[in-house]
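K.L.:
Input: one structure, supplied below.
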Amino acid sequence: MVKMYQCDAVYMEQTVNIKPIKTELDYQEALKAIAPLFDNPPEMGTPEFDYMEVMVLLIEAYEAEHYPITPPDTP
């Protein structure tokens, strides 16, 4: 049996629109696009899982550049 996800419509719309995150607006839209997947995580090996994995990588890359976390000073 195929498990259906609440984000199927979002997934189908976004799969053709995966692109680098260049602006704060792109970043916010990317977060909004994958938010439903955190409430209902897709199974590994599904297209939804692959979509989420790619989007998370793009989000992490944007955050690393625009919201860097510096390690604490060590004595």
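The values are calculated or read from the model by the stated rules, or taken from the named source; none is laboratory data. Every value quoted in this text rests on a predicted model; they were computed, and no experiment measured them. Don't worry about glycine lacking a Cβ; one is built from the backbone with ideal geometry, like all the others, and counts go over all protein chains shown.
K.L.:
For the range 30-50, which residues satisfy the criterion of being modelled with pLDDT of 90 or more, touching a Phe, Trp or Tyr at 6+ places or on another chain (Cβ under 7 Å) and either loosely packed, with under 11 Cβ neighbours inside 10 Å or not in a loop (DSSP other than H, G, I, E, B) (or both)?
P.N.:
43
K.L.:
Applying the selection to the range 28-75, what residues are among the small types (Gly, Ala, Ser) and closer than 12 Å to residue 18 by Cα?
P.N.:
Matches in the range 28-75: 30, 33.
K.L.:
What are the residues in the range 51-75 that are assigned to a loop (DSSP other than H, G, I, E, B) and either within 19 Å of residue 28 (Cβ to Cβ) or of a type in the set (Asp, Glu) (or both), if any?
P.N.:
Matches in the range 51-75: 67, 68, 73.
K.L.:
Can you go through 5, 27 and tell me which one is aromatic (Phe, Trp, Tyr) and modelled with pLDDT under 90?
P.N.:
Answer to the check: 5.
K.L.:
To continue, here is another question. For residue 21, are the conditions met, namely being more than 8 Å from the chain's Cα centre (by Cα), at pLDDT 95 or above, surrounded by 13 or more Cβ atoms within 10 Å (Cβ to Cβ) and among the β-branched types (Val, Ile, Thr)?
P.N.:
yes
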